[in-house]
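Some notes on the structure that comes next.
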Amino acid sequence: MKLQDRVAVITGGARGIGLAIAKRYLAEGARVVVADIDLNAIDDAVDQLAGDDRVKGVHLDVCDSRSIAAMVEETVRHFGGIDILVNNAAVFDMAPVLDVSEASYDRQFGVNVKGAFFTLQAVARVMVDRGRGGKIINMASQAGRRGEPLVSMYCASKAAMISLTQSCGLALIEHGINVNGIAPGVVDTPMWEEVDALFARYENRPLGEKKRLVGEAVPYGRMGRPEDHVGAAVFLASDDSGYVVAQTLNVDGGNWMS
């Protein structure tokens, strides 16, 4: 029960890694806000999480500052404060560099960077005002550690997330707020079906081949699963990580070493 009675907000919490973290946080004693843009997915997630009074689903569009403010206000009103933020909401797209559209750029940076930063800012203000410190976990990616020819904007957005983790971590630790990150590798979530289809299009591969190849290339021997990331998320949200500041932890089966 490392998170007993702490209030955790998980953006993009209705599926994939976000939902897996929500389940584990509840098991560790936390009260959890599942914040997501998909209302139907929120309802399904709350049902999966047993629907008790320690779980609340809240609509959130991280590209809308009013939606961020409303989510924070509703969380504070319902649970009394925020102790943990998991900045997990993200989108993915890919295209050759010469074909990247302005709309794709705006969407990826709008969600993955701007949305993540202003969600962090809004939650951090609450934490500072309460004077009890807090934990903020930014979900980055191994894509933020290096470039890829077909994934330039996603890689750049996740590199920005790692950089923001460093800057915000240094800025907020004086308030007792630890800002750190997690960089997953290739993770077997429903989104990977879309990713695989894009690789099939741009690399002229049969459907399923890219997913198989990237899984075989992981030193651990398989793609990651959402549940593989919950231990790191608990550690970074708990008192055990009190002296960990501005770091991004690779949880990728050995794909990247830094």
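One equal scatterer on each Cα of the range 1-123, no solvent, Debye formula: the resulting log10 I(q)/I(0) at q = 0.19 Å⁻¹ is -0.95.
Ratio of alpha-carbon Rg to the 2.2 N^0.38 Å globular estimate for the chain, to two decimals, please. For the chain, the normalised Cα radius of gyration comes out at 0.97. The orientation-averaged shadow of the Cα convex hull for the range 134-254, equal to a quarter of the hull surface, comes to 7.6 nm².
Our note on the geometry: Cα centres of the range 14-87 and the range 102-159, 18 Å apart.
P(r) for the range 70-134: what percent of alpha-carbon pairs falls in each 10 Å bin, starting at zero? The calculated distribution, bin by bin, is 19, 39, 22, 14, 6.
How large is the Kirkwood hydrodynamic radius of the range 194-233, counting all unique pairs of alpha carbons, in Å? Numbers along the way, then the final one.
Working: mean 1/r = 0.0885 Å⁻¹.
With all distinct Cα pairs of the range 194-233 included, I get 11.3 Å.
Amide H to amide H, with H built 1.01 Å from N, residue 55 comes under 5 Å of 32, counting only residues 5 or more places away or on other chains.
Its alpha carbons considered, the range 87-188 gives a radius of gyration followed by a Dmax of 14.6, 48 Å.
Quick note: the coordinates plus some simple rules give every number you see, no bench work behind them. The model shown is predicted, which means the values in this text are computed figures rather than measured ones.
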